[in-house]
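Report on one structure; see the data block that follows.
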Amino acid sequence: MKPASGIVFGRQAQSGRGRMHGVSENRNCPLSIDPQWSRRAFIDAVPACSGRDRPGSRFPRGIPLPTMDRRQAMERLKINLIGPGKVGLTILRRIAMTGACTVQDIAGRSIEKAEAAVAFVGAGAAVRSVADMRQADLWLLTVPDSQVATAAAELAATPTASDTPSVAVHCSGFLPADEMKPLRALGWQLASLHPVLTFAEPAKAVSHFDGVSCGMEGDAGALALVEPLVTEIGGMPFGIRSEAKAIYHAAAVFSSNFNVVLQAIAREAWAKAGVPDDVAAALNATLMSACTDNVMELGPARALTGPASRGDQRVVDEQEAAVRSWHPDAGEIYREMSVLAQRLKRTGGTLE
Ligand SMILES: NC(=O)c1ccc[n+]([C@@H]2O[C@H](COP(=O)([O-])OP(=O)(O)OC[C@H]3O[C@@H](n4cnc5c(N)ncnc54)[C@H](OP(=O)(O)O)[C@@H]3O)[C@@H](O)[C@H]2O)c1
């Protein structure tokens, strides 16, 4: 077995799923990351940077380029992508823009989508199927969550995957890296990389990617390879616990997706009350932006206003009844949110 294109992984590549690097053991602060981790890990992951040979490495010999620095080493990395959707296009475009690595092959469910991806990214080659993809140092599986295991199994069934163990990364905030386990059985290193951003439109997401926090977990060798790349394309990596991903991702859903649903309900309620659309849009924007500022500045408990937090129970009860008679589902949410709002004001948190 040889590394995909001469880039080798050091001791960390062999360490499997040991202690997650970069993540504090402190239970009170499970997501803190050791700022020194990335540099150390990357130097270990790309021994060619220092010209060192690593006895006992699965891939014992580095490229003999003693003066190669981190950036040059990274530029030699070849990246393949399966799933040319919103997230995949955004990440690949950022990679192409920074010249961080070589974008190689792109495959999707149709050649047309793969070709459109090449045009958007400005790099790479469209291929018809996963079986046609060339060996690479890093494989991004940016398919929907429900397809991660399928895509990993499809990749694992190719001769390239069994001949050349590499690194595979998916971008689900919910699934652990282990979802791609058919590849681990072939000696691959696995990680998940979750950019905490909403990718409604790739062209916009590309320009919003600077400083985006990216939650990562998985095998040490894979993390050591991917973390510096994330930094290079403008992301800010932090460690997450594999076993906590369901709750971790729920936090993103609460802060982003449900916020959008609440905005939709608000728009419908303004309309029901006879407020013109353009005025409703402006009202939503003013309230949301003031809310965001207050939450950032004061924290949720101090930022909270409204009838539930003031203890205006009559308003809460009659408003709930009015909402329920217009929109029963929204009425249910109104009741539950009022209970949590009261608790937040009283105790500083929403947990009983
Ligand atoms: N969207 C977000 O805001 C966001 C944020 C953070 C993380 N994520 C994660 O990023 C991943 C991708 O999400 P996305 O929003 O980019 O999804 P998406 O826009 O739907 O893109 C998925 C891509 O994968 C292709 N695909 C589906 N099944 C496939 C298969 N079996 N083999 C090959 N290609 C396949 C799809 O092709 P078709 O177009 O032909 O269906 C599409 O090109 C998910 O794990 C998601 O949880 C998403």
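Pull out the extension gain between LYS181 and VAL260, defined as 0.36 nm times the separation in residues minus the alpha carbon to alpha carbon distance; nm, one decimal.
Difference between extended and current length: 25.0 nm.
Report the gain in length on full extension from GLU332 to ALA250: 0.36 nm times residue separation, minus Cα-Cα distance, nm rounded to one decimal.
Computed gain between GLU332 and ALA250 is 27.5 nm.
Name the long-range amide H neighbours of SER213: under 5 Å, sequence gap of 5 or more, or other chain; modelled H, no Pro or chain starts.
Result for SER213 returns VAL196, MET236.
Kirkwood Rh over Cα pairs of segment 189-263 into Stokes-Einstein at 10 °C, 1.306 mPa s: D in µm²/s?
119
Order 142-155, 264-277, 328-341, 180-193 from most to least packed using the mean count of other Cβ atoms within 10 Å.
Answer by packing, highest mean first, reads 180-193, 142-155, 328-341, 264-277.
If you take the Cα Rg of segment 248-347 and divide it by 2.2 N^0.38 Å, with N the number of residues, what do you get?
1.11
To the nearest µm²/s, what D does Stokes-Einstein give for segment 141-260 at 4 °C and 1.567 mPa s, using the Kirkwood radius over alpha carbon pairs as Rh?
The estimated diffusion coefficient comes to 87 µm²/s.
Taking a 26 Å limit on the Cα-Cα distance, which of the listed pairs LYS86/LYS245; LYS204/LYS345; LYS86/LYS181 fall beyond it?
The pairs that break the limit, which is 26 Å between Cα atoms, are LYS204/LYS345.
Every read-out reported here was derived from the displayed coordinates using simple, explicitly stated rules and does not represent laboratory data. Predicted model, so just to flag it, every value in this text is computed and none were measured. A quick note on method: Cβ atoms are made from the backbone with ideal geometry, for glycine too, and the neighbour counts reach across all protein chains shown.
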